[in-house]
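See structure below.
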Amino acid sequence: MAQTLFQKIWDRHAVRRLPNGQTQLYVGLHLVHEVTSPQAFDELARRGWAVRVPHRTFATVDHIVPTGRQLRPFEDGMAEAMTRALEVNCRAHGIPLFDLSSGDQGIVHVIGPELGLTQPGMTICCGDSHTSTHGAFGALAFGIGTSQVRDVLASQTLAMSPLKVRRIEVRGRLAAGVYAKDVILTIIGRLGVKGGTGYAYEYAGETIERMSMDERMTICNMSIEGGARVGYVNPDDTTFDYLRGRRFAPSGDAFERAREWWRTIASDRNATWDDEVVIEAGEIAPTVTWGINPGQSVGVGDTLPDPRSSEGTDRSGVSEALEFMGFRAGQPIAGTRIDVAFIGSCTNGRLSDLREAARVVRGQKVAPHVRALVVPGSQSVRSAAEREGLDEVFREAGFDWRSAGCSMCLAMNPDRLEGRELCASSSNRNFKGRQGSPTGRTLLMSPAMVAAAAIAGEVVDVRRIP
Amino acid sequence: MTDALVVSRIERVDGTAITLRGDDIDTDRIIPARFLKAVTFDGLEHHLFEDDCREARERGGLHPFDEPARRHARVLIVGANFGCGSSREHAPQAIARRGIQAVIGESFAEIFSGNALMIGLPCVTADAQDLARLRERADASPDEPFFVDLRAGQAGCRALTVPITLPSAARDALLTGAWDATGLLLEDYAAVESVAAGLPYMKGFGS
């Protein structure tokens, strides 16, 4: 019978039906970082359990890593304690750790793909909701909580209930200056921040097929912002070409065998989806969020909504967001003065993101009132960018060029907003207080749009930049 | 075998209630990221909704979690898509450690309700109109005792009973005490190994 990729991977990893009706699902790849794992390792020790399959778990430090001075011990004692706990736990259980001295450290969702650990057909878990990123490779990848991290460490399996699958077809071609980030913000805006609850999102169609792996990762990354725990793209030649030659990818004859298997994992043409949605790429403009959840966005040429014309409970949501942001209904988003520009994160901290931003920045200067920083997603993104001279482009324009980590996406390190600062950010969440100041404000947009805003000192349409 | 099989059945929760208004209350509001800087979950309850509480105080009001009369509440009543955002278990941990033993809402973000289940905190749903009636009662009187009965599929207070639902797997896990599933996952390891052996990537696609 014709099946979706979701069903195929689910069936191949299903161990048994548990008494409560959930499925015990085998986990092919488990990624671990310093924030959501220490309690899981403690619980394992308390119960006297070992890590069952240590060679299928890989660790790195990303959330709390300072992106400036990185000498150990870190100035922040708790950041040091969390890093040390991860080091001790990895050593005790034989788990490979890509630490700051490895040259491979970075945001867990950037390094998994980069190292070739992330592969089609796998089940992939990590104690982080943006694990959906790895679905770009045709994997079934989802975020889990700390108790589930404990379960995966102990058993390499999880108790899970299956999801429905919604196929989101993006048709046609994107205009110049319109990026993967704009596509996913548009999808979330259209389907809502809870529209994906209970679903895996399968992204398909010409627009998605033409995208690079970096772009597909941006799309899948933000699935969870639309409520979908899983997002994926069917694997194709773009996927296979990306993986060839990566450190943990199969090589030689094994790669050929892998490719044959990977092809069989893609959704069958005549599969049945639980829901189907079509989005026209040509209708998508550079998109900017104006509110306090990622579904509250407009095209850069548009004005902010009026709560009086919103329906039902959405009305209070719009009012609350406008009030928190200090915006008025009907005001244009373009021209909004910014204080901070942040380029980075697991959504948009890869090499192609930095290249697009650098194209906008080259030869320009950051507006005098703007604090601007670039935080590469990984050490290897950082060194690749430096080989291309992108660091110089950013530095000359007045950006801070930092070391790899999650940084100002969630401000668990020293990079944070102060007071009411307004940040143009290439990250994934504009929740109240997300970027470290309880009253700080975030406008989500593509890296190129952040770069343009940094130069202009306000939100501008990147397509108008010569 | 281990304490994982020492079951703790959760059938019914009784106590006073706290209500939160608004949909899409995200995990960063429940527990801001700066409080995730820790290697244990200890003390998280002291930072539950910390920024929202401060915002309410600055406006001259009190956040429901700051109201002295609701200090011992056991039931939390919320809107739609509660707990959206991060996978941080710190969010349900902070709520549970504050003394909340059941959450009633219009809907929940999936990772949040899954995490809550893993620590034995039931997240049950009720229809929007019923929720509004429950909320009204709870707001009117902080002393009103509420109940959430998972077996009967009902929640309410003295004068009002409404139907509630939760996914059958969650209901079953809570009623049988099997919500701490690690023991179950280790039970039949031969079956686990046979699935792993059938996955070509586990052998590096060797011939």
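Need the failing condition index for A:THR272 against (1) part of a loop (DSSP other than H, G, I, E, B); (2) hydroxyl-bearing (Ser, Thr, Tyr); (3) within 14 Å of chain B (Cβ to nearest Cβ), just the number.
The one condition A:THR272 does not meet is (3).
Take segment A:38-71 and flag every residue that is within 11 Å of chain B (Cβ to nearest Cβ) and in contact with a helix residue (DSSP H, G or I) (Cβ under 6 Å, 6 or more places away or on another chain).
A:PRO38, A:GLN39, A:ALA40, A:PHE41, A:GLU43, A:LEU44, A:TRP49, A:ARG52, A:ILE64, listed by residue number.
From the list B:THR182, B:THR176, which residue is farther than 13 Å from B:GLY120 by Cβ and of a type in the set (S, T, N, Q)?
Just one listed residue meets the conditions, B:THR182.
Give B:PHE49, B:PHE35, B:PHE112 a once-over and let me know the one that is crowded, with 24+ Cβ neighbours inside 10 Å and aromatic (Phe, Trp, Tyr).
B:PHE112
Restricted to segment A:431-443, and to residues that are more than 10 Å from chain B (Cβ to nearest Cβ) and not aliphatic (A, V, I, L, M), which residue is surrounded by the fewest Cβ atoms within 10 Å (Cβ to Cβ)?
Restricting to residues being more than 10 Å from chain B (Cβ to nearest Cβ) and not aliphatic (A, V, I, L, M), the top hit is A:GLY440.
If you take just the strands (runs of 3 or more DSSP E) that sit entirely in segment A:134-228, which of them hold at least 3 residues that are within 30 Å of B:ALA91 (Cα to Cα) and more than 16 Å from the chain's Cα centre (by Cα)?
Because the criterion is at least 3 residues that are within 30 Å of B:ALA91 (Cα to Cα) and more than 16 Å from the chain's Cα centre (by Cα), the strands (runs of 3 or more DSSP E) in segment A:134-228 that meet it are A:157-160, A:164-171.
Kindly indicate whether A:ASP391 is more than 14 Å from chain B (Cβ to nearest Cβ), surrounded by fewer than 22 Cβ atoms within 10 Å (Cβ to Cβ), closer than 30 Å to A:SER101 by Cα and modelled with pLDDT of 95 or more.
yes
Within segment B:192-206, identify whether any single residue is in contact (Cβ under 8 Å) with a residue 24 or more places away in the chain and aromatic (Phe, Trp, Tyr), and answer yes or no.
No, segment B:192-206 contains no residue that is in contact (Cβ under 8 Å) with a residue 24 or more places away in the chain and aromatic (Phe, Trp, Tyr).
Yes/no matrix, rows are residues, columns are (1) under 24 Å from the mean Cα position of the chain (by Cα); (2) within 21 Å of A:GLU43 (Cα to Cα); (3) not assigned by TED's automatic domain parsing to the domain that holds A:GLY344:
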residue: A:GLY68; (1), (2), (3): yes, no, yes
residue: A:GLU75; (1), (2), (3): no, no, yes
residue: A:MET78; (1), (2), (3): no, yes, yes
residue: A:ARG84; (1), (2), (3): no, yes, yes
residue: A:HIS93; (1), (2), (3): no, yes, yes
residue: A:ASP99; (1), (2), (3): yes, no, yes
residue: A:SER102; (1), (2), (3): yes, no, yes
residue: A:GLN105; (1), (2), (3): yes, no, yes
residue: A:HIS109; (1), (2), (3): yes, no, yes
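Tell me, yes or no, whether segment A:330-340 has at least one residue that is out of contact with any Asp or Glu (no Cβ under 7 Å at 6 or more places or on another chain) and either assigned to a strand (DSSP E or B) or modelled with pLDDT of 95 or more (or both).
yes
Quick check: is even one residue across segment A:125-138 among the charged types (D, E, K, R), touching a helix residue (DSSP H, G or I) at 6+ places or on another chain (Cβ under 8 Å) and more than 10 Å from chain B (Cβ to nearest Cβ)?
No; the residues of segment A:125-138 include none that is among the charged types (D, E, K, R), touching a helix residue (DSSP H, G or I) at 6+ places or on another chain (Cβ under 8 Å) and more than 10 Å from chain B (Cβ to nearest Cβ).
Among what's in segment A:276-311 and is among the small types (Gly, Ala, Ser) and under 20 Å from A:PHE324 (Cα atoms), pick the residue that is surrounded by the most Cβ atoms within 10 Å (Cβ to Cβ).
It comes out as A:GLY291.
Surrounded by fewer than 18 Cβ atoms within 10 Å (Cβ to Cβ), within 14 Å of chain B (Cβ to nearest Cβ) and over 30 Å from A:MET160 (Cα atoms): does that describe A:GLY245?
No; evaluated as a whole, the condition is false for this residue.
The values are calculated or read from the model by the stated rules, or taken from the named source; none is laboratory data. A quick note: this is a predicted structure, and the numbers were derived from the prediction, not measured. Note: ideal-geometry Cβ built from the backbone for every residue, glycine included; neighbour counts use all protein chains shown.
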